[in-house]
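Here the structure is laid out as structure tokens; the discussion comes afterwards.
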There are 2 protein chains.
Amino acid sequence: MNMTTRETQTDNNIFPKGEKAPVDYFTGTVWVRMLVPNDDTYNCQVGNVVFEPGARNNWHTHPGGQILIITEGIGYYQEKGKPIQVIRKGDTVKILPDVVHWHGASPDSEFTHIAINPNTQKGIVVWLERVTDEEYHNVD
Amino acid sequence: MNMTTRETQTDNNIFPKGEKAPVDYFTGTVWVRMLVPNDDTYNCQVGNVVFEPGARNNWHTHPGGQILIITEGIGYYQEKGKPIQVIRKGDTVKILPDVVHWHGASPDSEFTHIAINPNTQKGIVVWLERVTDEEYHNVD
């Protein structure tokens, strides 16, 4: 067994917020706590991501696909050329390999998901351009 | 996108409890809600599992390994030949391929984890014998 135990925390979240996500690939304040780093045994990277209201990642793809498990709040998910979808606590999102997409919080809610990147032997993530304010606010 | 939306529920859990787990492989009452069924795109099966106090699965192995994300309660984890480990909300457990193990609730706490089975092209689970009451109560 290889076990990670959380640090003490005072709020009701499952995990501590972790580290600030890199500004090159995120807009607004986003916190990432790595739960399972990538390796060639599990081929599966798992992280907990907290987006403050209005925060989101850049457009990007995953060569091995991605699974999002929404654990708190209300957020947005969009695939290139399709409308923004509102996603909520209890939702699961499956993103096919190489589909261009982004995800993040809605404007008025903090938003938390567990991100599972399987098949990492094919690669983990390919970052693309920033999601503009115009794209972010283009909600039906 | 392939999205699963939870049904309405009245408690504070992230997911509905789902279906009762098969009695052949579990002792006590256990609920399984499949979040991502196995397929050959993601090669990654994800399920939410709720164990009532005292409930546990049989000894078993995963040919592709397993990752457990503990989201609620206090539970037990044991690998064959090693002591029982107490695991709690916020812990992550990584189980190597082919390691004989079991997991479940502690005697006095409901216990919930997300189970991630990666590398399912190698197989998902091999069930073994039941965890006896003597084994379950052999806690230091």
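The values are calculated or read from the model by the stated rules, or taken from the named source; none is laboratory data. Computed from a predicted structure; not experimentally measured. Please note: Cβ atoms are built from the backbone with ideal geometry, for glycine as well, and neighbour counts cover all protein chains shown. Surface accessibility is based on the protein's heavy atoms, side chains included, excluding ligands, DNA and RNA. Shrake-Rupley method; radii C 1.70, N 1.55, O 1.52, S 1.80 Å.
Observations, loosely collected:
- Residues of the stretch A:19-52 that are of a type in the set (Gly, Ala, Ser) and under 15 Å from B:Thr92 (Cβ atoms): A:Gly47 alone.
- The stretch A:39-62 residues that are within 17 Å of A:Asn13 (Cα to Cα), paired with ones that are assigned to a loop (DSSP other than H, G, I, E, B) and basic (Lys, Arg) (beta carbon under 8 Å, 6 or more apart): A:Val50/A:Lys17
- Qualifying residue in the stretch B:117-129 (condition: of a type in the set (S, T, N, Q) and under 14 Å from the mean Cα position of the chain (by Cα)): yes
- Taken together, the residues in the stretch B:117-140 that are open to solvent by 50 Å² or more (accessible area, probe 1.4 Å), more than 24 Å from A:Val46 (Cβ to Cβ) and not in a helix (DSSP H, G or I) amount to 9.
- Looking only at the stretch B:75-101, and only at residues there that are over 13 Å from the mean Cα position of the chain (by Cα) and of a type in the set (Val, Ile, Thr), the one that is surrounded by the most Cβ atoms within 10 Å (Cβ to Cβ): B:Ile84
- Residue match in the stretch A:89-102 (condition: in contact (Cβ under 8 Å) with a residue 12 or more places away in the chain, of a type in the set (Gly, Ala, Ser) and touching a helix residue (DSSP H, G or I) at 6+ places or on another chain (Cβ under 9 Å)): no
- Single residue of A:Glu129, A:Glu110 found to be among the acidic types (Asp, Glu) and within 18 Å of A:Asn13 (Cβ to Cβ): A:Glu110
- Qualifying residue in the stretch B:62-79 (condition: on the phi > 0 side of the Ramachandran plot, within 9 Å of chain A (Cβ to nearest Cβ) and small (Gly, Ala, Ser)): yes
- Of the residues making up the stretch B:102-116, those that are buried (at least 21 other Cβ atoms within 10 Å of the Cβ) and either more than 19 Å from B:Tyr42 (Cα to Cα) or more than 9 Å from chain A (Cβ to nearest Cβ) (or both) are B:Trp102, B:His103, B:Gly104, B:Ala105, B:Ser106, B:Phe111, B:Thr112, B:His113, B:Ala115.
- Candidate set: the stretch A:19-58, residues that are outside any strand (DSSP E or B), open to solvent by less than 10 Å² (accessible area, probe 1.4 Å) and among the hydrophobic types (A, V, I, L, M, F, W, C); chosen: the one farthest from the other protein chains (Cβ to nearest Cβ): A:Ala55
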